[in-house]
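Here's the structure we're looking at; comments come further down.
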Amino acid sequence: MAKLKEVCTFYSGTGFPTKYQGNDEGEYAFYKVSDIANNVQLGNTYLSVCNNYISGEIAKEIKGCILPKDTVVFAKIGEAVKLNRRAITSADCLIDNNAMGLAPIQDKLRLDYFFYYMRNLKMEKLAESTTVPSVRKSLLEELEIKVPSLEEQKEIGEILDKVSVVIQTRKQEIEQLDLLIKARFVEMFGDPIYNANNLPMMCLNDLGVWNSGGTPSRTNPAYFTGEIDWYSAGELNTLYLEGSIEKITEEAIQESAAKLFKAGSMLVGMYDTAAFKMGILKKASASNQACACIEPNETVNIVWLYYSLQLMKEHFLSQRRGVRQKNLNLGMIKGFEIPIADRGKQDEFVCFAEQVDKSKVAVQKALNETQILFDSLMQEYFG
């Protein structure tokens with residue numbers, strides 16, 4: 001075992017004056033925390049996408065700290081700390097002062113091994129409990145890391161690389177199947193945002209009965225000892241919902257604002273990052289107040305509605321309200337209009353979508369199993 005300060009070089013970020021921002025050419029890329037996030041979301045291990053560049057002269061003027069190639073960078077302050085995003089510098093560069101960089105000392109740590117160690121590190125658990133989470137350099141310096149031989153580090157890196165490739169491949173397969181369903185929808189009905197097929201428009205309010213959920217009082221723990229699924233908006237990640245994290249009792253339904261929604265109803269997230277996440281209930285369930293729910297009438301096939309709203313999601317999200325937190329509300333959702341196809345055509349599309357979804361379920365199962373393997377290996381190697 002060794003402390004990080006014994007096997008790594010620490011690099012601080014640099015304050016980035018506004019007057020020097022916005023240049024797309026220069027000697028050095030200047031990465032902000034948002035740039036690190038963008039690269040990770042694009043699937044880039046190495047930083048390649050950057051919105052700001054500066055010259056060597058400006059770097060000297062602002063007393064910039066130049067990070068060398070092969071430095072692992074991450075957010076050290078703010079809500080981004082909780083997202084645990086890591087990336088590796090692909091060339092000499094700068095990072096803003098909301099980020100930090102650690103470069104492994106080459107004769108002690110291999111980069112691939114160290115990168116996986118850093119990915120396994122849960123920064124939010126290291127952050128100081130303040131209004132704005134932050135991770136101190138002095139704390140990181142004292143953290144310990146297993147330092148096997150360089151040959152063993154190489155073997156560990158190669159094993160984790162192979163499993164990571166399988167995980168990425170499975171995710172890409174799921175994305176392609178999603179695109180196939182969406183392409184079929186547009187082929188049959190046109191893009192619902194533009195409604196080039198001139199389908200009749202209807203308010204979501206006219207497609208069924210809408211309600212919102214509720215939360216039983218946390219002061220009565222017995223409410224949360226039942227068998228009724230009770231969803232939060234963050235759990236609306238699949239076409240069909242088959243099991244929530246928390247369960248509630250019949251008494252919780254009767255004695256609170258929570259409601260029991262019928263199987264075949266669809267939950268729709270309303271708040272912040274979960275807005276317009278959706279999922280269809282496989283069985284009668286409840287939700288918290290961050291979810292709206294539609295029990296559809298005969299006008300619409302609920303699976304068809306799910307995919308229609310998926311295609312219109314960004315259009316509806318642009319109408320959210322709020323300064324710090326962008327939200328929708330039940331009234332807004334009920335007032336949104338969408339083009340409505342003939343019910344027979346809807347059902348035809350759903351037959352196709354459900355066949356593709358069977359393939360998705362199989363790939364998702366394989367992905368979940370591979371992710372479990374990866375997580376167990378990370379625990380074995382890094383604790």
* Give the relative contact order (percent, whole number) for the chain; include only Cα pairs under 8 Å separated by 6+ residues. => 15 percent
* How large is the helix-only mean residue ellipticity at 222 nm for the chain, computed as the sum of -39500 (n - 2.57) over DSSP H runs with n ≥ 4, divided by its residue count, in deg cm²/dmol to the nearest 500? -> -12000 deg cm²/dmol
* Structure fact -> In a Gaussian network model of the chain with springs linking alpha carbons closer than 10 Å, the residue among T299, T18, T370 that fluctuates most is T18
* segment 1-157, relative contact order in percent, only Cα pairs under 8 angstrom and at least six apart counted -> 31 percent
* What is segment 2-147 by shape, rounded, prolate or oblate, if you read a ≥ b ≥ c off the alpha carbon gyration tensor as root eigenvalues and call it rounded for a/c under 1.5, prolate for a/b larger than b/c, and oblate otherwise? -> prolate
* segment 1-106: antiparallel DSSP beta bridges as a percent of all, rounded to 5 -> 75 percent
* With the chain treated as a Gaussian network of Cα nodes joined by springs under 10 Å, which of D161, D347, D107 yields the largest mean-square fluctuation? -> D107
* **Contact order normalised by residue count of segment 200-340, Cα under 8 Å, 6+ apart, percent** => 34 percent
* Asked: For Cα Rg over 2.2 N^0.38 Å, the choices are (1) 1.03; (2) 0.96; (3) 1.17; which was calculated from the structure?
  -> (3)
* To do: Just the number, please: percent antiparallel of the DSSP beta bridges in the chain, rounded to the nearest 5.
  => 80 percent
* Asked: Under a straight-distance cross-link criterion of Cα-Cα below 25 Å, which lysines are reachable from K247, leaving out those fewer than 8 residues away in the same chain?
  -> K259, K262, K277, K282, K283, K365
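Each value in this text was obtained by applying a stated rule to the coordinates, not by laboratory testing. Keep in mind it's a predicted model, so treat the numbers as computed, not measured.
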